[in-house]
1. Please go through segment B:105-115 and pick out each residue that is at the interface with another protein chain (Cβ under 7 Å from one of its Cβ atoms) and surrounded by fewer than 18 Cβ atoms within 10 Å (Cβ to Cβ).
2. Which of the following residues is crowded, with 19+ Cβ neighbours inside 10 Å, free of Cβ contacts under 8 Å to residues at least 60 places away in the same chain and either aliphatic (A, V, I, L, M) or in a helix (DSSP H, G or I) (or both): A:L93, A:L124?
3. Quick check on my filter: what residues within segment B:63-73 are at the interface with chain A (Cβ under 7 Å from one of its Cβ atoms) and either hydrophobic (A, V, I, L, M, F, W, C) or surrounded by fewer than 24 Cβ atoms within 10 Å (Cβ to Cβ) (or both)?
4. Can you confirm whether segment A:282-290 contains a residue that is in contact with a Ser or Thr (Cβ under 9 Å, 6 or more places away or on another chain) and either more than 14 Å from chain B (Cβ to nearest Cβ) or in contact (Cβ under 8 Å) with a residue 12 or more places away in the chain (or both)?
5. Using the structure shown, decide if B:S198 is hydroxyl-bearing (S, T, Y) and surrounded by fewer than 22 Cβ atoms within 10 Å (Cβ to Cβ).
6. For segment B:60-100, give me each residue that is without any contact (Cβ under 8 Å) to a residue 60 or more places away in the chain, of a type in the set (A, V, I, L, M, F, W, C), closer than 20 Å to B:A157 by Cα and not in a strand (DSSP E or B).
7. Cβ contacts < 7 Å: first residue assigned by TED's automatic domain parsing to the domain that holds A:L262, restricted to segment A:336-347; second residue small (G, A, S), any location; separation 6+ or different chain. Result?
8. The conditions are (1) within 11 Å of chain A (Cβ to nearest Cβ); (2) part of a loop (DSSP other than H, G, I, E, B), and B:S15 fails exactly one of them. Which is it?
Amino acid sequence: MRLRPTSDWFNPMLVRDLRQGLRSRGFTVGFLVLQSAMVFFVVLGLASGSSQDVGETLTGVFGVGTFFFFLLCLPLMATFGFTAEFSEGRLDLLRLTQLSARSLLAGKWLSLCVQGWLVAVTLLPYIVLRYFIGGFDLTGQLAVLALVLAFSALLVGVCLALACLNSAIVRVVSTILTIVFLVDLGFAAPFGSSGFLQFSVSGLVNLAKMLAVIGPPLLWLCLEFGAARLAPAAENHDTGQRWMVILLFGLSLLGHAYQELLHTGRAGMPLLNLFDTYATCMVIWVLVQAAAEEPSPFPHTFRPFVRWGRLGRMLGRLILYQGWPSAVPFTLLVAGLFFTEGLIFNLATLSKLSAFCALLPPAVLFPQVAGWSLRSTSIAPRARYLLVVVACTIFTVALLIVSSVNGRSPALTLPICLAPPPAWVLLWSNYYNPGGYARAWSYDYTQMAWILAALTSVPTMLFALLAAVRHWPKFASLEERAERTVKLQPGFSAVSPIPPPPPTDCPATAPTESTPPA
Amino acid sequence: MPAAPIIEVRDLYRSFGTVEAVRGLSFRIEPGQVVGFIGANGAGKTTTMRILATLDQPTRGSACVAGYDVLEHPRHVRRILGWMPDHFTAYPNMDVWEYLDFFARANGLKGAVRRERLRYIMEFTELTPLANRPSVKLSKGQNQRLCLARTLLSDPAILILDEPAAGLDPKARLEFKNLVRILASQGKSLFISSHILSELAEMCDSLLFIDRGHIVHHGSADSLRYDERAVMSVLVRVAGPVEALMKWCSYQTGVKVREEVRQGVVLELASRGEEALRDLLRQLVMDGLPVVEFQRQQQRLEEAFIGILRQQAIGGEPPVNVPPLLPADLPAAPPPLD
């Protein structure tokens, strides 16, 4: 099959992946198996004589086939979408083209979706057949297919983001966990037993609403996360993700305001709660990313900020520049926003709200602060962050086991208080009520939150803030270099001829090492 | 006023953990030059090239391509630079034309311009007959030509080729060399790394030798072949028996027989310079020896390279910066004496 006269307007990755994907063995075999199964069961059903039987058989086959292909095969194809690019060094060649990492991801995502849509089109005759033979509701079936396709597109996006992780083990494990999380938290928890799997009208409507509300930001964030992994070090994807956090917060605020001011009832609350749950997860994800990120040594990433003068610089240093120094105040800001929103709309009890907001910044920043002690070694910054998280987890689990066995032993008080910020919630809950770690968030933390926050969170935050402020002279030097080039290079178009180089000499030295904190 | 360098590297450092791959590298390449980059495995060639191609970032120091700092203007650098990696794998389930078409699109070429560029590049690299062949089923030589074609799609002014001739058979190597010559004649600047010194010498205007992250020599191939510091060798052939010549040599001071060849010997001279050669030839003729061939022997590049490394080893740490030589500064190679 040849797809040669393709339009220039298509994303090059879409063109490439369609050319490749439609010829790949995986797609061909999957497609043929699905079609053969459909034909086989139709013939079998027709041979059985009863139209009701035929309809039921087709329903089963259709359901299993579509779910298998769209919710398992396509996401798995996405999970391994970049394996070859990583292993055979093709990524460097892509990085040198004019394609941005976002285009790469978007093209890949679109090509997988298009392959899914092509398969869906071939399934339409069987749906129509069911209408004529089994007497089924054609509109409902088409709606189910459309929703499955939409959910599949979301899953493909998530899996593509995870496909950009270097480690194959991490990639596979996180894919499985994410799919389980998405299906469970996204469908089972909010909609209960009348979930989408039963194809009830209310379930389908809820699913459609959920996809409409959660889908776009989650998909955008996933693709952005993947793009950040694929992009050359010189590209800044951190700032975009932080804008997304602010946008999510704004949407949540609007949703609650709408709910409170215009609707007295609680009809839309499950959806809003679901959005809040997802938004909180996404926000924490972005904050962790930002905290683990090294500051950019590339002056051109500062150009968009220095164009705005002093205001731009301050905004950059405080919340928007790439890397942990600006992530520290940004995390504080986000925690403050959460707290304010929670207070205004009574989203939780004051104790829970304060515990969550007091915990969030140190929980996010503690691994980075603790990781600075490992700075002299050759461990990469992200790996260092992960290492501290793993160490904290092991410490927490060990203490949980000890406290479950020993009950309320006074000897455990100090280790629990000195545990890393997110861990002591579980530990303290278990200390007072052995086995109660599963109900950690139902515990009342009014006093405990502030005592433990003072013990661990405050030093962590102070240390992080001090280190961040100490990094500002480095920012200033990069801003200065960026400002120089802003004046020289007002704009750059992809199709314009290459502008003349700046009349400055190649600088004698340009130290690019990130700053070790105090 | 000298032209601005097309590549300028100053005091470049790159560390991977505790390993310093590049240590204080400095050199400059003038526009239109073809420069060979030579060094043993792990000397820092690929790291330097990757930094220039904006695929890696230096720990310290600076690198500019066409006046653009690779850290400050990576997008500009990528637009004017073509990079050909040492290892290259095409995409499965795609033919040669589709592969190049993808990269042409990815480089922002559209419509008729893209089609024309593809046609030209495929003809230039002689890939037109292979247009419909699966890109993963090409021979090594064809694969290299495909990679070069991909590099040339965006018409870069500077080409960085990392070990382009590695693993090629002699015919493919010759074809590749011809392509490089044509590109050089088109005014493109080429920066080529290779282990095959003799081949680089034929293609390059100057050679950069790198060892343990330092530049240890920057000059033309001829300046290495006719290194004044090296021992001078001369091939002398005579008509008739060679014994007379051998006997004559045994009476001479400052002349040593290095090797006996057919109808002659290779002599090593204690003194250096053209005067010593002139005096030796005059003496041979005056003593009545029937000399039919008298030729100064070139030093083999590999030997010269090993010699440089040995010199660095004896002298301890190599110098951090060897001042780069401009073409005008290069010593002119003496013509062979016949």
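The values are calculated or read from the model by the stated rules, or taken from the named source; none is laboratory data. Computed from a prediction, not measured in an experiment: that's the story for all the values here. With ideal geometry, Cβ positions are generated from the backbone for all residues, glycine too; neighbour counts draw on all protein chains shown.
1. To start, the set of residues in segment B:105-115 that are at the interface with another protein chain (Cβ under 7 Å from one of its Cβ atoms) comprises B:105-108, B:110-111.
Those that are at the interface with another protein chain (Cβ under 7 Å from one of its Cβ atoms) and surrounded by fewer than 18 Cβ atoms within 10 Å (Cβ to Cβ): B:G108, B:K110, B:G111.
2. Numbers: A:L124 fails: crowded, with 19+ Cβ neighbours inside 10 Å.
Answer to the selection: A:L93.
3. Applying the first criterion (at the interface with chain A (Cβ under 7 Å from one of its Cβ atoms)) to segment B:63-73 yields B:64, B:66-69, B:71-73.
B:C64, B:A66, B:G67, B:L71 - these are the residues of segment B:63-73 that are at the interface with chain A (Cβ under 7 Å from one of its Cβ atoms) and either hydrophobic (A, V, I, L, M, F, W, C) or surrounded by fewer than 24 Cβ atoms within 10 Å (Cβ to Cβ) (or both).
4. Within segment A:282-290, the first condition is being in contact with a Ser or Thr (Cβ under 9 Å, 6 or more places away or on another chain), and the residues that meet it are A:287, A:290.
Filter once more, so that each one left must be either more than 14 Å from chain B (Cβ to nearest Cβ) or in contact (Cβ under 8 Å) with a residue 12 or more places away in the chain (or both): A:287, A:290.
For segment A:282-290, residues in contact with a Ser or Thr (Cβ under 9 Å, 6 or more places away or on another chain) and either more than 14 Å from chain B (Cβ to nearest Cβ) or in contact (Cβ under 8 Å) with a residue 12 or more places away in the chain (or both): present.
5. Numbers: hydroxyl-bearing (S, T, Y): yes; surrounded by fewer than 22 Cβ atoms within 10 Å (Cβ to Cβ): yes.
For B:S198, the condition - hydroxyl-bearing (S, T, Y) and surrounded by fewer than 22 Cβ atoms within 10 Å (Cβ to Cβ) - is met.
6. If we filter segment B:60-100 for residues that are without any contact (Cβ under 8 Å) to a residue 60 or more places away in the chain, which is where we start, we get B:60-64, B:68-78, B:87-100.
With of a type in the set (A, V, I, L, M, F, W, C) added as a condition, the list becomes B:63-64, B:70-71, B:77, B:88, B:90, B:94, B:96-97, B:100.
Now narrow it down to the ones that are closer than 20 Å to B:A157 by Cα: B:63-64, B:70-71, B:77, B:100.
Passing the criteria: B:V70, B:L71, B:V77, B:L100.
7. Between residues of segment A:336-347 that are assigned by TED's automatic domain parsing to the domain that holds A:L262 and residues that are small (G, A, S), the close pairs are A:E341/A:S252; A:G342/A:A348.
8. If we test B:S15 against (1) within 11 Å of chain A (Cβ to nearest Cβ); (2) part of a loop (DSSP other than H, G, I, E, B), just (2) comes out false.
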